[in-house]
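The numbers here are math on the coordinates, done by the rules we state, and not lab data. The shown structure was predicted, so the numbers you read here are calculated from the model rather than taken from an experiment. Please note: Cβ atoms are built from the backbone with ideal geometry, for glycine as well, and neighbour counts cover all protein chains shown.
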Amino acid sequence: MQIPQLQMQSTSAKIGISSTKASQSIQQPSAKLDLESPKAQMTIRTTPGRLTIDQSQAWAAMGLKRTPQLIREAASKGMQEVQAGMSRRTSEGNQLMEIEKGGRVIQSIAARNSNGPEQSFNIGFIPPPFSVKVRYQQGSTHIDASPQKVINRTRAQKPIIDHQAGDVSISMRQRESLNIRVVNTEI
């Protein structure tokens with residue numbers, strides 16, 4: 001006996017996808033630098049130091065004195081010698097007035113006047129220590145400095161961007177199909 005039987009045959013649909021990748025390149029040019037740094041403004045004021053050296057005491061100790069000082073000292077010493085001489089002569093005159101009292105007055109006066117003053121010897125330093133006077137008045141320095149700002153005229157460069165867009169295309173590679181057949185099968 002024959003029994004009808006259905007035979008079905010199907011084919012699936014197939015989709016085709018093709019894509020082109022996107023590409024991108026970025027270039028960054030260097031910035032254009034333009035910098036200027038002006039010199040700082042500077043003012044320097046100085047007051048010089050003052051050094052004073054007084055050697056007059058040292059020169060005087062060595063006998064090298066100024067003329068006015070030599071004149072003053074000689075006048076003072078002369079006055080003292082005159083007064084000492086007047087005193088000595090007065091004393092000798094008084095002794096001679098009393099010659100009748102006896103004694104050897106003339107011989108003693110002659111012996112005193114014939115011998116000079118006793119010389120003394122002593123160690124000394126010429127010039128004596130600390131006889132040179134040194135004074136120093138310190139000077140000063142005043143500095144005024146004012147820095148100047150940097151002048152910056154730098155220009156940035158825009159980046160160069162190259163972009164290629166990608167693409168996707170979709171197509172039907174195979175259409176779906178369904179075949180149905182009736183087949184008689186014998187049993």
In degrees, nearest ten, helix 67-97 long axis to first principal axis of the chain (Cα)
30 degrees
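Pop the C-beta distance of Ala61 and Lys39 into the FRET formula with R0 = 35 Å and round what comes out to the nearest 0.05. List each step's numbers first, then the result.
Working: r = 57 Å, r/R0 = 1.63.
Using R0 = 35 Å, I get an efficiency of 0.05.
Based on the Cβ-Cβ distance of Lys14 and Asn184, what FRET efficiency does E = 1/(1 + (r/R0)^6) give at R0 = 30 Å, to the nearest 0.05? Before the final figure, lay out each step's value.
On the way: r = 33 Å, r/R0 = 1.11.
After rounding to 0.05, the efficiency reads 0.35.
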Angle in degrees between helix 105-114 and the longest Cα principal axis of the chain, rounded to the nearest 10
30 degrees
By the gyration tensor of its Cα atoms, with a ≥ b ≥ c the square roots of the eigenvalues, what is the shape of segment 63-114: rounded for a/c under 1.5, prolate for a/b over b/c, or oblate?
prolate
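Starting from the coordinates of the alpha-carbon atoms of segment 5-155, obtain the Kirkwood hydrodynamic radius over all distinct pairs and give the value in Å to one decimal.
Details: mean 1/r = 0.0343 Å⁻¹.
Result for segment 5-155 stands at 29.1 Å.
Assuming R0 = 45 Å, what is the FRET efficiency of Glu81 and Gln138, from their Cβ-Cβ distance, to the nearest 0.05?
Numbers: r = 49 Å, r/R0 = 1.08.
The pair Glu81/Gln138 has a calculated efficiency of 0.40.
Could you please rank Phe130, Phe121, placing first whichever residue has the fewest other Cβ atoms within 10 Å of its Cβ?
Working: Phe130 9, Phe121 5.
Starting with the residue having the fewest Cβ neighbours, the order is Phe121, Phe130.
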List the lysines whose Cα lies under 20 Å from the Cα of Lys158, skipping any in the same chain that are fewer than 8 positions away.
Lys32
Once you put a point 7 Å from the Cα of Val150 and another 7 Å from the Cα of Asp162, both along the Cβ direction, what distance in nm separates them?
3.5 nm
